[in-house]
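Report on the following structure.
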Amino acid sequence: MSVSGIGMTMSVAIQSAVDMRGTIDDLQRQFGTGKKSISYAGLGLGRGLTVGLRSQLSAIDGYQQTITQVGVRLSLMQASLAQYDSVTRAGKNTVVQSNFDLQGSSQTQSQLEARSQLDQALTLLNTAADGRYIFSGRAVDRPAAETVDHILNGEGGRAGLIQVTAERRLADLGASGLGRLTIGAPDTDEVSLTEDAVSPFGFKISGVTSNLTGATVTGPAGSPATFSVEFSPPLPSEGQTLNITFDLPDGTSADLTLTATASSPPQPGQFTIGADADATATNFSAALNQGLTRLAATKLAAASAVAAGNDFFNTDAANPPQRVAGPPFESATALVDGTDANTVGWYLGDDSVGDPRATAVARADHSLSVSYGARANEQALRRTVQNLAVFAAATYSELNPNDAGRFSALQERVGAALIGPPRRTADHRHSRRDRRRAGCAEILRRPAPADRERIGQPPAKCRGHPDRRGRGQDPGPADEPAGHLADHGAAAAYDAPELHLIARCPAAKQDAPRPSRGAFQFGQPSGSQARPRRPAASSRLIWISGASFSGFGSKLVSSL
């Protein structure tokens with residue numbers, strides 16, 4: 001028996017059988033798994049598309065996860081800011097409606113409430129989401145603000161707001177309590193008033209006006225500024241005044257008005273007209289001293305507290321808190337930078353220079369990123385903390401006759417600062433939108449006058465407005481308002497009952513069917529010999545649904 005080798009034909013047959021078996025196995029796998037291939041190589045030309053689509057799906061899933069995560073943070077941030085706004089408004093009401101009633105304490109009940117509201121505001125600024133403090137800028141691992149106790153009272157040898165305010169008050173009032181001003185000793189018939197030094201503290205003489213008879217006012221001029229009043233016959237008459245305007249450390253101003261009187265002793269704010277110029281000058285000097293002492297203890301002291309609050313809170317990386325250079329503080333002439341070693345920093349978050357929104361950036365698409373960062377030391381947020389703290393830090397005494405005036409002056413300043421500038425809200429925009437919508441609806445409800453020039457024209461001449469921007473469409477009288485708005489590029493929001501309009505070309509009188517109700521018919525020129533026709537096959541039904549629809553009028557009306 002002989003054995004022959006495998007020939008070419010047999011090899012091809014065997015290979016074909018093997019390939020067929022492989023194909024059957026692959027088809028069975030596809031049938032069982034529902035997948036064409038177990039590797040990208042088996043997809044052929046479609047593998048590039050598959051890889052690209054999977055990459056896009058992965059990116060979209062990542063974007064969606066980011067959007068969801070940021071959405072949670074923004075919702076929490078919005079809720080915190082809404083509560084923060086409520087705390088600010090409550091604080092404003094507390095300050096504005098407060099009365100000077102110490103009841104044996106050094107603070108009023110409204111000040112204690114302001115401290116509690118300050119604590120609420122700081123708690124909201126320290127809100128965290130997913131372990132991230134949302135008002136700390138890039139420093140998401142630490143709270144945005146210090147505690148209310150550390151801010152007011154200091155901590156570990158570092159000064160808080162109360163100490164900073166006390167030092168600033170000493171510097172602004174000076175050793176004499178006259179607001180860093182010096183009254184020259186009456187030199188016979190002349191009285192002078194001079195700033196004690198060139199410094200940011202105390203009163204700054206801004207201007208002097210007088211209608212005193214026989215009084216010559218010189219200045220203010222020089223640096224430090226000074227002015228003088230020289231009396232000579234005839235002496236001032238009763239009721240005549242001299243007014244001095246002072247600039248205060250917080251940017252406000254105050255006036256001191258001295259009125260001539262024949263009474264002795266005079267009332268506060270008055271000076272007695274003496275027997276001669278020398279006696280009048282002496283009385284004027286005494287009244288000036290008394291008036292400056294009272295003004296310094298009230299309005300200047302309140303302005304000093306506000307300025308100290310600004311020095312303490314209005315800080316960033318390039319502007320550390322400011323302290324009075326001293327002691328002695330009463331004669332200080334400059335402010336110096338506070339340090340972490342000697343002054344509490346109320347803001348603990350990221351303090352870098354730049355846009356606070358850029359401190360947190362999320363990518364919502366390959367071409368879209370959202371910046372949503374925030375810092376607690378931004379002006380809009382800082383204003384509430386600063387003013388509530390300034391109001392809560394002050395102390396008073398029932399034995400001091402000027403403390404009621406100081407309380408009122410501080411109350412006025414803090415209340416005005418908490419109110420803040422006017423602002424426009426989303427409600428304002430909604431109101432404006434509603435007014436515009438009502439105006440558009442009113443226009444749409446007005447009946448449109450018939451176009452008498454086009455009545456009776458054949459259909460071929462009624463196909464459009466060549467002189468308008470309606471793209472050759474003739475909406476017809478029934479919906480002229482929508483077409484009119486469309487020609488002017490205006491958006492329409494139209495509510496109307498359901499309306500059926502059938503366009504028909506004219507037919508001969510004997511053949512013309514009577515127009516059905518709700519239909520309109522194009523006219524025909526008088527005397528026309530045109531052959532009567534049945535309605536063209538291209539005539540269309542114009543359907544305007546009674547449901548509300550919005551869009552451009554040119555897209556809402558079908559052409560004939």
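Structural remarks
- Qualifying residue in the stretch 136-151 (condition: surrounded by fewer than 23 Cβ atoms within 10 Å (Cβ to Cβ), part of a strand (DSSP E or B) and touching an Asp or Glu at 6+ places or on another chain (Cβ under 7 Å)): no
- A single member of V96, V72 is in contact (Cβ under 8 Å) with a residue 40 or more places away in the chain, more than 29 Å from A332 (Cα to Cα) and in contact with a Gly (Cβ under 6 Å, 6 or more places away or on another chain), and it is V96.
- Which listed residue is free of Cβ contacts under 8 Å to residues at least 60 places away in the same chain and surrounded by fewer than 17 Cβ atoms within 10 Å (Cβ to Cβ), from A79, A166: A79
- Positions within the stretch 294-346 being free of Cβ contacts under 8 Å to residues at least 40 places away in the same chain and either within 25 Å of the chain's Cα centre (by Cα) or surrounded by 21 or more Cβ atoms within 10 Å (Cβ to Cβ) (or both), in sequence order: A317, A318, N319, Q322
- Considering G291, G309, the condition of being under 30 Å from Q379 (Cβ atoms), modelled with pLDDT of 95 or more and not hydrophobic (A, V, I, L, M, F, W, C) is satisfied by G309 alone.
- Selected residue (only one of A175, A114 is small (G, A, S) and either buried (at least 19 other Cβ atoms within 10 Å of the Cβ) or in a strand (DSSP E or B) (or both)): A114
- Residue in the stretch 58-70 that is assigned to a helix (DSSP H, G or I), of a type outside the set (G, A, S), modelled with pLDDT of 80 or more and under 23 Å from the mean Cα position of the chain (by Cα) present: yes
- Residue in the stretch 180-193 that is of a type in the set (K, R) and assigned to a loop (DSSP other than H, G, I, E, B) present: yes
- Test: L76 is under 26 Å from T298 (Cα atoms) and not polar (S, T, N, Q): no
- Residue list for the stretch 159-189, restricted to those being charged (D, E, K, R) and modelled with pLDDT under 95: D187, D189
- Unmet criterion (only one of (1) modelled with pLDDT of 95 or more; (2) of a type in the set (D, E); (3) under 30 Å from V324 (Cα atoms)) for E238: (3)
- Residues of the stretch 358-379 satisfying the condition of being part of a helix (DSSP H, G or I) and surrounded by 14 or more Cβ atoms within 10 Å (Cβ to Cβ): T359
- Candidate set: the stretch 82-111, residues that are aliphatic (A, V, I, L, M) and under 22 Å from G137 (Cβ atoms); chosen: the one surrounded by the most Cβ atoms within 10 Å (Cβ to Cβ): V87
- Test: S232 is within 21 Å of R294 (Cα to Cα) and surrounded by 13 or more Cβ atoms within 10 Å (Cβ to Cβ): no
The values are calculated or read from the model by the stated rules, or taken from the named source; none is laboratory data. Nothing here was measured: the structure is a model prediction, and the numbers come from that model. Glycine gets a Cβ as well: all are built from the backbone with ideal geometry, and neighbour counts include every protein chain shown.
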